[in-house]
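Here's the structure, in structure tokens; my notes come after.
The values are calculated or read from the model by the stated rules, or taken from the named source; none is laboratory data. From a predicted model like this one, the values you see are computed outputs, not experimental measurements. Positions of Cβ are generated from backbone atoms using ideal geometry, with glycine treated the same way; all protein chains shown enter the neighbour counts. Side chains are part of the model used for accessible areas, which takes the heavy atoms of the whole protein and leaves out ligands, DNA and RNA. Shrake-Rupley method; radii C 1.70, N 1.55, O 1.52, S 1.80 Å.
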Amino acid sequence: MRVLVTGGFGYFGLALVRRLAREHDVVAVGRDPRRGTLDAVLAAMPTSVSTRGMCDVRGLTAVGLRDIEAVVHLAGGGAPGGLVEHPTEAIRDNVDSAIHVVHAARNAKRLLLASSIYVYGSIERPARESDGTAPDTLYGAMKRLAEAVWHEAGGTALRFSHLYGVGSGVDFRRDGVSERMARAAVGLGAFSLHGDGSQRLDLVHIDDACEAVARALVAPELPPAINIGGGSGAPSITELAEVFGVVTVGREQVPGVDALLPRT
């Protein structure tokens, strides 16, 4: 199958492209500036992978995608934090890009959108697909809008929980909780604790997330939405800190720590 992966040069994208290349011909598109820093990694990709630099996926056209059989749209995912500072750009990257890609690739047989469990809003347990969506953040609201467009086109939303893991082996300096704890564990700064540490994270390893996408591509039928996460037993921040062997530090006790360790 010939598969288009947008956002193919990012943390999730690189790992996914490498995984899908085992069985498919993959066309990866992404931002030119990022591709330039990953030449060695991309050069080591299997021969079944072709890459196209593109600063904006809205440059994709139906003519250029006429031989694409499936699409995995990762571009514009970003992270929940920081989007409020640039809402117009956030909407363009997350909503406008999803609208454009699904229309440009309208002849593809399988359409997969990387969405997020943030579409459910604040919940006290792992969400179920039968739960109604009620986003209470800008990020979650944008993902729900993108989902509506893809559902109309017959696509499926893959609602990922928090990804962690080495992935493609490239350090993108991610600032998720697990990444900050890992850096603190090897002496690269303190871990700043936000809240009382009782918050729970539904974590899924990036290799498992890639495998879920690979299986969704070839499944005979798919529902409109699928949750992809760790499921029950989500650890608390305090429990994660114990696993990493790091000592959490309260924000009020370390002035300026946020400048070194951004919030997620």
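Scanning segment 159-177 for residues that are surrounded by 21 or more Cβ atoms within 10 Å (Cβ to Cβ) and in a strand (DSSP E or B) gives ARG159, PHE160, LEU163, TYR164. Scanning segment 6-21 for residues that are of a type in the set (Phe, Trp, Tyr) and in contact with a helix residue (DSSP H, G or I) (Cβ under 7 Å, 6 or more places away or on another chain) yields PHE9, PHE12.
Condition check ((1) over 20 Å from GLY165 (Cα atoms); (2) touching a Gly at 6+ places or on another chain (Cβ under 7 Å); (3) modelled with pLDDT of 90 or more) across all residues:
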site: VAL3; (1), (2), (3): yes, no, yes
site: GLY7; (1), (2), (3): no, yes, yes
site: LEU16; (1), (2), (3): no, no, yes
site: VAL27; (1), (2), (3): yes, no, yes
site: MET45; (1), (2), (3): no, no, no
site: VAL49; (1), (2), (3): yes, no, yes
site: CYS55; (1), (2), (3): yes, no, no
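Please determine, by comparing only the residues of segment 231-242 that are open to solvent by 50 Å² or more (accessible area, probe 1.4 Å) and in contact (Cβ under 8 Å) with a residue 40 or more places away in the chain, which one is farthest from SER161 (Cα to Cα). For segment 231-242, the residue satisfying everything is THR238.
Might you check whether a residue that is under 18 Å from GLY13 (Cβ atoms) and free of Cβ contacts under 8 Å to residues at least 60 places away in the same chain occurs anywhere in segment 124-134? Talk me through it step by step, then tell me what you get.
Step one: filter segment 124-134 for residues under 18 Å from GLY13 (Cβ atoms), giving none.
No; the residues of segment 124-134 include none that is under 18 Å from GLY13 (Cβ atoms) and free of Cβ contacts under 8 Å to residues at least 60 places away in the same chain.
Counting only residues that are touching a strand residue (DSSP E or B) at 6+ places or on another chain (Cβ under 6 Å), open to solvent by 50 Å² or more (accessible area, probe 1.4 Å) and of a type in the set (Ser, Thr, Tyr), segment 33-53 holds 1 of them. Of the residues making up segment 107-127, those that are surrounded by fewer than 17 Cβ atoms within 10 Å (Cβ to Cβ) and either in contact with a helix residue (DSSP H, G or I) (Cβ under 9 Å, 6 or more places away or on another chain) or closer than 19 Å to ILE91 by Cα (or both) number 1. Filtered by the rule that a residue be farther than 30 Å from GLU239 by Cα and open to solvent by 30 Å² or more (accessible area, probe 1.4 Å), segment 217-229 gives VAL218, PRO220, GLU221, LEU222, PRO223, PRO224. Inside segment 178-216, residues that are open to solvent by less than 20 Å² (accessible area, probe 1.4 Å), closer than 10 Å to LEU163 by Cα and touching a Ser or Thr at 6+ places or on another chain (Cβ under 8 Å) make up a count of 1.
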